[in-house]
Amino acid sequence: MISMEDVSKWYGSMRVLTDVNLKVRKGERIVICGPSGSGKSTTIRCINRLEPFQKGRIVVDGIDLGASTKSVQAVRAEVGMVFQQFNLFPHLTVLENCMLAPMKVRGTSKGDAEAIAMKYLTRVRIPDHARKYPAQLSGGQQQRVAIARALCMTPKIMLFDEPTSALDPEMVKEVLDTMIGLADEGMTMLCVTHEMGFARSVADRVLFMDRGEIVEQAPPEEFFTAPRHERLRDFLGQIL
Ligand code: ADP
Ligand code: MG
């Protein structure tokens with residue numbers, strides 16, 4: 001589903017990704033963790049071409065991201081993304097937030113877009129809030145709307161960038177439960193998160209990034225109980 005080969009990226013003269021290699025199969029759940037500034041966001045932003053990269057190759061479901069600007073549109077239609085700061089449009093209702101992309105990008109009719117939106121709002125258990133504005137919802141509810149909004153485009157891959165980091169502790173579970181539901185349905189997922197309970201129970205593989213490199217990757221059991229690299233041992237010592 002995703003193939004990154006020797007991907008490197010610089011901001012000016014600063015190298016932020018160094019030869020990142022990553023293969024993700026259909027239905028696989030990957031968790032990425034690592035210290036702040038290690039390149040986690042940059043990595044997943046490269047996958048849906050929110051960021052250009054200077055070296056290497058990324059292919060997403062057969063679409064070569066280096067190929068042309070056309071490939072950017074194609075990949076955005078297949079890859080859903082959820083951010084730390086929910087990024088909902090404040091001037092649109094929850095329902096309108098969910099209807100926008102299917103109508104604008106896919107040309108879905110208003111009636112169909114509304115039906116799709118209600119389907120996914122029901123799935124994240126907030127159909128009752130469809131007519132409200134984002135500011136009228138809690139952080140956890142807003143993040144579930146953001147997930148529903150991404151799902152309205154029926155993506156093949158979902159990318160999450162620290163989706164629970166901006167939430168009050170009591171709201172983390174409702175968002176993680178929504179993500180676990182998606183995982184159970186077989187969604188291909190890449191999640192940047194420091195929720196190690198989630199990583200243990202959901203991830204097929206956990207990746208540790210440091211200074212722009214994937215330093216270690218292993219199934220959760222091995223990752224947490226037998227970390228090989230000292231940098232990972234130090235990191236786990238700090239967060240666990
Ligand atoms: P992480 O998500 O692991 O915290 P990032 O991928 O956001 O790390 O950042 C990796 C490195 O790239 C950091 O050193 C960060 O300061 C730098 N960086 C990120 N975005 C930009 C940008 N737009 N311009 C310049 N440097 C950036
Ligand atoms: Mg980040």
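The values are calculated or read from the model by the stated rules, or taken from the named source; none is laboratory data. Because the structure is a prediction, the values reported are computed rather than measured. Glycine gets a Cβ as well: all are built from the backbone with ideal geometry, and neighbour counts include every protein chain shown. Heads up: the accessible areas ignore ligands, DNA and RNA and are worked out on the full protein's heavy atoms, side chains in. Shrake-Rupley method; radii C 1.70, N 1.55, O 1.52, S 1.80 Å.
Out of the residues in segment 11-53 that are within 16 Å of ligand 2 (Cβ to nearest atom) and open to solvent by 40 Å² or more (accessible area, probe 1.4 Å), state the one that is farthest from the chain's Cα centre (by Cα).
M14
Do the conditions hold for T188, that is, is it within 19 Å of G80 (Cα to Cα), modelled with pLDDT of 95 or more, within 16 Å of ligand 1 (Cβ to nearest atom) and open to solvent by less than 20 Å² (accessible area, probe 1.4 Å)?
no
State whether one or more residues within segment 106-117 are modelled with pLDDT under 95 and open to solvent by 20 Å² or more (accessible area, probe 1.4 Å).
Among the residues of segment 106-117, at least one is modelled with pLDDT under 95 and open to solvent by 20 Å² or more (accessible area, probe 1.4 Å), which makes the answer yes.
Tell me the helices (runs of 4 or more DSSP H) entirely within segment 140-239 that contain at least 1 residues that are in contact (Cβ under 8 Å) with a residue 40 or more places away in the chain and among the aromatic types (F, W, Y).
Result: 196-202, 230-239.
Mind listing whichever residues of segment 95-112 are without any contact (Cβ under 8 Å) to a residue 40 or more places away in the chain and more than 21 Å from Q141 (Cβ to Cβ)?
M103, K104, G107, T108, S109, K110, G111, D112
Out of the residues in segment 191-240 that are over 16 Å from the mean Cα position of the chain (by Cα) and among the β-branched types (V, I, T), which is least open to solvent (accessible area, probe 1.4 Å)?
Filtering first and then ranking leaves V215.
Looking at segment 85-102, which of its residues are surrounded by fewer than 18 Cβ atoms within 10 Å (Cβ to Cβ) and aliphatic (A, V, I, L, M)?
Within segment 85-102, L92, L100 meet the criteria.
Residues in segment 60-71: is at least one assigned to a strand (DSSP E or B) and either within 16 Å of ligand 2 (Cβ to nearest atom) or over 19 Å from R205 (Cβ atoms) (or both)?
Yes, there is a match, as at least one residue in segment 60-71 is assigned to a strand (DSSP E or B) and either within 16 Å of ligand 2 (Cβ to nearest atom) or over 19 Å from R205 (Cβ atoms) (or both).
So, S41, is that one at pLDDT 95 or above, closer than 20 Å to V20 by Cβ and among the hydroxyl-bearing types (S, T, Y) or not?
yes
Against the definition (surrounded by 20 or more Cβ atoms within 10 Å (Cβ to Cβ), farther than 27 Å from G39 by Cβ and touching an Asp or Glu at 6+ places or on another chain (Cβ under 9 Å)), how does A148 come out, yes or no?
Against the criterion (surrounded by 20 or more Cβ atoms within 10 Å (Cβ to Cβ), farther than 27 Å from G39 by Cβ and touching an Asp or Glu at 6+ places or on another chain (Cβ under 9 Å)), A148 does not qualify.
Could you please let me know if I180 is more than 20 Å from T42 (Cβ to Cβ) and more than 16 Å from ligand 1 (Cβ to nearest atom)?
In short, yes.
Just checking, how many residues over segment 1-56 are more than 15 Å from ligand 1 (Cβ to nearest atom), in a loop (DSSP other than H, G, I, E, B) and free of Cβ contacts under 8 Å to residues at least 24 places away in the same chain?
So the count comes out to 0.
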